[in-house]
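In what follows, a single structure is set out as structure tokens and then discussed.
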Amino acid sequence: MHEETPVIVACPNGPLLVRGDVPIENPDGTPVQKNRRTVALCRCGASVLKPWCDGSHKIIGFRTDLDHGDVPQ
Amino acid sequence: MRLPRVRGPVSAALLDTLTSAPEQRDDALAGLDVVAREVIGASEDLARDDDLQLTLFCLYELHYSGFDGVDDALEWEPGLIAVRTAIERAWEAQLRAAIPLPERPALEADAVAETLFALAAADDGPSLSRYVAKKATREQLDEYLIQRSISQLKEADPQTWAIPRLTGRAKAGLIEVQADEYGNGRLERMHSQLYARTMRGAGLIDEYGAYIDIVPAVSLASANLMSFFGLNRRLRGASAGHLAMFEMTSSIPNRMYGNGFRRHGFGEDVTWYFDEHVEADAVHEQIAARDLAGGLVESEPQLLDDVLFGAASVLVVDGWVGLHILDCWQNGRTSLRAPVATAA
Ligand code: FES
């Protein structure tokens, strides 16, 4: 059977969208339970559901298009 | 579902038609047509017109689960489709006039998504979710569940109509979202089932349509809007835009709704629905904004304005619902048409 290559979409100003069969683990190697096929990993740091995104990036005005040292307006 | 109680001359004529014997149906239809056109012509605010929104709701329901004791073949009765179209035309004109569109983005998926996210962020409508989180009484929680039951017990169904009308990236995006809405084939994870579970946990009846008679026009309008977009192929852009905006305005409010139920001591059986939406819709909003809405604009650029219209309509129409409920609660009234105890 054809193996699907997982894809990660870096969403502008938002999470990393993970499509495909990628196991997500805790540092001790135990699996983080995935409740859906495609998941969104928080990359803004503000989610209270980490590692998943919970939409908090919108509240903190997270931007992915700023250079280092820039601060959001 | 069971047939609702009438709310005026048009819904009365419709119920007459739906329950008439076949040999009397033509007369009933002719009567319905006359009264519907009169009332539509005189209605200044269709979103708050109980008689017309209930009529529209029933006409759409013929395409979903139908009514107990009503002939399924009436779904495609030309006279009923004509009345539905007449109400839809008048309502669409009012909606188009009432809903401002954002500035058009470039015809690229990411630009469309960015415009939609900016539109959602700029929404300064009243926050029903904040009120529910902090202040709602136990009875108001019931009201809130009942208000939404009319759409959430068939959550995702109106958007499914759009699937065969889309192609390519937009279609793949819609299916990815819808599959998740339907629990990826697992009944106990299907969102409509989670909502039913929440209603049971709160001591309410989880049968679809059980509370139809006490749900006000404006909440029917919010549900009808999705069916309107979903059942008209020409409005597939609006359907896509609506779903995208719905998902984009869901994660954070659902966390607050869940908090409101936790504040009243409810456990996971009741809050699961809300907690699931926090996580799921943070995924869905990305897919719906980029692949569904954005992908659709890339493949059918002429649909851009409808995508924006559908997206903006969520903020406006669901904003009316929130305003209505908050206004009633802040003035010590029920937001329903009658107390819960009188229903079902
Ligand atoms: S990226 Fe969405 S909450 Fe952090």
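Values quoted throughout were computed directly from the atomic coordinates according to the rules given, and no laboratory measurement underlies them. Worth saying up front: this structure is predicted, and the values here are computed from it rather than measured. Quick reminder, even Gly has a Cβ in these numbers, built from the backbone with ideal geometry, and neighbours come from all protein chains shown.
Summarising the label geometry, the points placed 7 Å from Cα in the beta-carbon direction at B:Ser127 and B:Ser65 lie 3.4 nm from one another. Summarising the label geometry, the points placed 7 Å from Cα in the beta-carbon direction at B:Leu107 and B:Ala30 lie 5.0 nm from one another. Here the label points at B:Thr85 and B:Arg233, each 7 Å from Cα along the C-beta direction, are separated by 1.4 nm in the simple model. Computed from point charges on the beta carbon alone (+1 for Lys and Arg, -1 for Asp and Glu), the dipole magnitude for the protein assembly as shown about its Cα centre is near 820 Debye.
As a rough footprinting exposure proxy, the listed residues A:Cys53, B:Cys58, B:Cys328 were ranked by other beta carbons within 10 Å of their own, and the order from fewest upward is B:Cys328, B:Cys58, A:Cys53.
For the protein assembly as shown, the percent of C-alpha pairs falling in each 20 Å distance bin, counted from 0 to the bin holding the largest distance, reads 26, 57, 16, 1. When the alpha-carbon atoms of region B:9-98 are used, the pair Rg, Dmax equals 12.8, 42 angstrom.
Shown here for region B:1-72: GluC sites (Glu not before Pro) in loop regions (DSSP other than H, G, I, E, B) with at most 14 other Cβ atoms within 10 Å, namely B:Glu44.
Please give the Cα centre distance for region B:72-128 versus region B:148-168, rounded to the nearest Å. So the two Cα centres are separated by 14 Å. Between A:Asp65 and B:Lys134, the FRET efficiency estimated from the beta carbon spacing at R0 = 51 angstrom works out to 0.90.
Only the Cβ atoms of Lys and Arg (+1) and of Asp and Glu (-1) were treated as charged; on that basis the dipole of region B:223-271 about its Cα centre amounts to roughly 240 debye. The helix-only estimate of mean residue ellipticity at 222 nm for chain B, built from DSSP H runs of length n ≥ 4 each weighted as -39500 (n - 2.57), is -19500 deg cm²/dmol after division by the residue total. With a cut-off of 12 Å between beta carbons, the residues surrounding B:Asp27 carry a summed charge of -3, where Lys and Arg count +1 and Asp and Glu -1.
A Förster distance of 35 Å, applied to the separation of the beta-carbon atoms of A:Val22 and B:Thr19, puts the FRET efficiency at 0.05.
By the beta-carbon count within 10 Å of each Cβ, the least crowded to most crowded order of B:Lys134, B:Lys171, fewest first, is B:Lys134, B:Lys171. About its Cα centre, chain A has a charge dipole of approximately 300 debye under the convention of +1 per Lys or Arg Cβ and -1 per Asp or Glu Cβ, with nothing else charged. Considering only B:Gly230, B:Gly265, B:Pro216, whose Cα is most displaced toward the positive end of the charge dipole of region B:185-295, charges sitting on Cβ of Lys, Arg (+1) and Asp, Glu (-1)? About the Cα centre, the residue reaching furthest to the positive side is B:Gly230. When B:Ser20, B:Ser129, B:Ser65 are sorted by how many other C-beta atoms sit within 10 angstrom of their C-beta, beginning with the fewest, the order is B:Ser65, B:Ser20, B:Ser129. A compact globular protein would have a Cα radius of gyration near 2.2 N^0.38 Å; the ratio found for region B:109-342 is 0.98. The separation of region A:33-48 from region B:1-71, counted between C-alpha centres, amounts to 45 Å.
Taking a point 7 angstrom from the Cα of B:Asp327 along the C-beta vector, which residues in region B:126-165 have backbone N less than 16 Å away? Answer for this model: B:126-128.
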